[in-house]
Amino acid sequence: MWRIGITGSIATGKSTVLKAFADLGVPVFSADEAVAELYAGEAVAPVEALFPGVTTGGHVDKTLLSQRLAADPTGFKRLEAVVHPLVRARIARFMDEAEAAGHALAVVEVPLLFESGYDYGFDAVAVTWVDEAIQRQRALARPGMSGEKLDTILARQLPQAEKKARATYLFDTGMPKSKTVDMVAALVASIRAKGPKH
């Protein structure tokens, strides 16, 4: 089975590309969605222990956590040390299950794939990218996003040019969405035509 990772900076179309794979019947996994589930489950107690007061009603309050991390960026490393191993375990289980089910490929979205330095065992990496003016416009349109918060996020991410240089496949999501969907379909068709990976 081909194992493909998707990454890209904030607001560069990762979710759009992931959905395009899913719409073609490819098993997909979102690290962001896994974190959201963990923040309502097994990560609650350890995160509260690290950052007292950031949980409400039995789940991690992302707004409170963001404020705490903005005030003390050294907290990211401590948070990642707790959350990343839980996400990686879920990714490994997802890929094993997809392979056991006989799928030709499985796709995993990991926003900080290159930044983490962790080897997930992907056969290829697809990078989403977009002109920086469009990226900024998209990001600032998100609820709760500010210029300061966006700058904090971008400071933790590799520049788009560096991600593009490390990509196996590139998806420019500044084009019409139908073009992105067509590019994903062409990639899936070519991988399925290759047959199982040995």
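The values are calculated or read from the model by the stated rules, or taken from the named source; none is laboratory data. Quick caveat: nothing in here was measured; it's all calculated off a predicted structure. No Cβ is skipped: glycine too gets one built from the backbone with ideal geometry, and neighbour counts run over all protein chains shown.
Tabulated values for the structure
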read-out: Segment 57-100 - residue that is in contact with a strand residue (DSSP E or B) (Cβ under 8 Å, 6 or more places away or on another chain) and of a type in the set (A, V, I, L, M) and, of those, surrounded by the fewest Cβ atoms within 10 Å (Cβ to Cβ); value: 64
read-out: Selection from segment 17-35 of residues that are closer than 24 Å to residue 60 by Cβ and among the acidic types (Asp, Glu); value: 32, 33
read-out: Residue check, residue 108 touching a residue at least 40 places away in the same chain (Cβ under 8 Å), of a type outside the set (Gly, Ala, Ser) and not in a helix (DSSP H, G or I); value: yes
read-out: Any chance residue 76 is in a loop (DSSP other than H, G, I, E, B) and touching a residue at least 24 places away in the same chain (Cβ under 8 Å); value: no
read-out: Enumeration of residues in segment 154-180 that are among the aliphatic types (A, V, I, L, M), part of a helix (DSSP H, G or I) and surrounded by fewer than 16 Cβ atoms within 10 Å (Cβ to Cβ); value: 155, 161, 165
read-out: Selected residue (criterion: modelled with the lowest pLDDT) from residues of segment 65-121 that are more than 23 Å from residue 17 (Cβ to Cβ) and in contact with a Gly (Cβ under 7 Å, 6 or more places away or on another chain); value: 69
read-out: Residue check, residue 126 part of a loop (DSSP other than H, G, I, E, B), within 26 Å of residue 34 (Cβ to Cβ), at pLDDT 95 or above and aliphatic (A, V, I, L, M); value: no
read-out: Number of positions in segment 101-148 that are more than 24 Å from residue 177 (Cα to Cα) and among the acidic types (Asp, Glu); value: 4
